[in-house]
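Asks: This is the structure I want to talk about, given as structure tokens.
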Protein chains: 2
Amino acid sequence: MSEHNVKQNHATGVRHAQVTRDLMEGIASGRFPVGSLLPTEFELCGLYGASRHTVRVALDELVQLGLVSRRKRAGTRVEARTVPGSYRQSLASLEDLVQFGTARAREVQSTGEVTADPALAEALGCAAGSRWLRVSSLRLNGQADAPPVGWTDVYVDPAYADMPDLARTSPAILISTLIEERHGRRIAEVHQDVAAVALPDRLAGPLQAEAGSPALRVVRRYLDPAGEVFEISDTIHPAGRFTASSRLRRGRE
Amino acid sequence: MSEHNVKQNHATGVRHAQVTRDLMEGIASGRFPVGSLLPTEFELCGLYGASRHTVRVALDELVQLGLVSRRKRAGTRVEARTVPGSYRQSLASLEDLVQFGTARAREVQSTGEVTADPALAEALGCAAGSRWLRVSSLRLNGQADAPPVGWTDVYVDPAYADMPDLARTSPAILISTLIEERHGRRIAEVHQDVAAVALPDRLAGPLQAEAGSPALRVVRRYLDPAGEVFEISDTIHPAGRFTASSRLRRGRE
DNA sequence: GTTTAAGATATGTCCGAACATAACGTCAAG
DNA sequence: CTTGACGTTATGTTCGGACATATCTTAAAC
């Protein structure tokens, strides 16, 4: 169909990972607008030269990430997940899809190199002496009068100095994907921890909530095949602003 | 609504769901002790007379539920997920696996029919006038000196009057499975919401935490193919007692 | 016009097969 | 005893095919 500029970058990893990556970028870039329908499985087979099983594995990953929904349809296609109007969103897609819509802005607050903070390092589950590039951003809901839904700190390996800039224009969920593409570091696993915490003092102002009030903390770690963490995202949501939804067993949306 | 107390094996649902169900029961019953290794995929094929693909789909579900972990092995088998020593557990497996070990006790606090509580109904995402059988239980960590990790209210359709009794002896995660088996109501989907809340006053005592302090609320809804909710579980974890871990993309444990 | 029925379509489920690869066990070499 | 090489083994990945089923579209019937 389209020009389909083949970015033969690294051809990293397995086939279904390539499909997953390309579809993620397609959704992020607007090639597959949020709310639209993806090509059918068979069409994707043709597009990527992969078998249907491989395509389905890729779609499974996207569903698990909350980026697309699936349902039986007829004469139509798989639906790219719509951004819900409420604050109820997928754990994986929130901090990413919130900014997918063109009108949904975010503010990148700061960037810099982070030296070891023992308490923070433990919360993030990384070595105490490790150093990271940090990109902080305020998560908005798209509605002008609504308070922010969260605050995200993204930490990347200092070796990837180009990432902080990209983080300003790319959805957070794509950062690890960009590292994968540009630096050839494959994503082997993504772990996620969710916990209740007291809202830190420093975030009380930006998030317009009382310090010490209940908040949700979501920490994600991206690991390469060697098991080494090369990216961490740390998001804090004040209570009531955000409900993380996920589907434990497959079903329609 | 037919309420037959038939325990005939309905052979409900699709093949991989049967395999999933049986393995869940096997893990819960101790047939596959926590920490042990499940039969290999090929052995499971023989056991259930299913293809490897079907077995893998079933295992995928169990991994997503946090009940088993997978990794490449040699001359050995898939490892049934161990109950972590720390408070860090899978969202799906916590309230269930916590009690899998024989030494891990729980206390069933109350049982009764629940009439509509508007606030609760909204929090649970069910109709305001709906009625449910409630089974409350305190979640313990197995360590005598450790404070409880959470409080769970399980709500089931009043038609299933046998469930509250079963809930006392069966892991919470199996209740919906038991309904599926004994009443033929298939689980089509399971939705899960996670949010930060202030600890309710009534739970401050049992959970040994300050009322109003940060807490994690996990609500799960079990839906049948018609989209009707027939079970709800509502768990509240005080901050610091519990970190919910999940794996967004497949990887070893 | 509204409702029903039939056909078309895409996803869900299931099977079989093959090779790649990571882990493990073993055994020989240092 | 420790280390390294190597074969074994089970899972990861990929392909192919087939039928079931939900859903949409269209046409017919009332």
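The values are calculated or read from the model by the stated rules, or taken from the named source; none is laboratory data. A quick note: this is a predicted structure, and the numbers were derived from the prediction, not measured. Neighbour counts are summed over all protein chains in view; Cβ atoms, including those assigned to glycine, are modelled from backbone coordinates with ideal geometry. All accessible areas refer to the heavy atoms of the entire protein, side chains included, with ligands and DNA or RNA removed. Shrake-Rupley method; radii C 1.70, N 1.55, O 1.52, S 1.80 Å.
Asks: Output ³J(HN,Hα) for the stretch A:43-50: one whole-Hz value per residue in order, computed from phi by the Karplus curve 6.51 cos²θ - 1.76 cosθ + 1.60 with θ = phi - 60°, and x for Gly and Pro.
Replies: Values, residue by residue: 5, 5, 4, x, 4, 9, x, 10 Hz.
Asks: On to the next question. Show me B:236-245, B:178-187 ranked by packing, highest mean number of other Cβ atoms within 10 Å first. Write out the running numbers ahead of the final one.
Replies: On the way: B:236-245: 22.9, B:178-187: 21.0.
Most protected by this proxy first, the peptides run B:236-245, B:178-187.
Asks: On to the next question. Taking the label point 7 Å from Cα in the Cβ direction, how far apart in nm is residue A:166 from each other copy of itself, listed shortest first?
Replies: List, nearest first: 5.0 nm.
Asks: Using a label position 7 Å from Cα in the Cα→Cβ direction, what is the ascending list of nm distances from residue A:225 to the same site in the other copies?
Replies: 4.2
Asks: Here is a follow-up. If we hang a label 7 Å off Cα along the beta carbon direction at residue B:130, how far is it from the matching labels on the other copies, in nm, shortest first?
Replies: 4.1
Asks: Also: Can you list the HN-Hα couplings for the stretch A:185-199, worked out from phi with the Karplus curve (6.51, -1.76, 1.60; θ = phi - 60°), rounded to whole Hz and with x for Gly and Pro?
Replies: Along the stretch A:185-199, the couplings run 9, 6, 7, 8, 8, 10, 9, 9, 10, 10, 8, 8, 9, 8, 4 Hz.
Asks: Once ligands and nucleic acids are excluded and a 1.4 Å probe is used, how much of residue B:136 is accessible, expressed in Å² to the nearest 10?
Replies: For residue B:136, the solvent-accessible surface is approximately 0 Å².
Asks: Determine the shielding of peptide A:14-21 by partner chains: average, over its residues, the number of Cβ atoms on other chains within 10 angstrom of each Cβ. Don't skip to the answer; put the middle values down first.
Replies: Working: counts 0, 0, 0, 1, 0, 0, 1, 0.
The mean count of partner-chain Cβ atoms within 10 Å per residue comes to 0.
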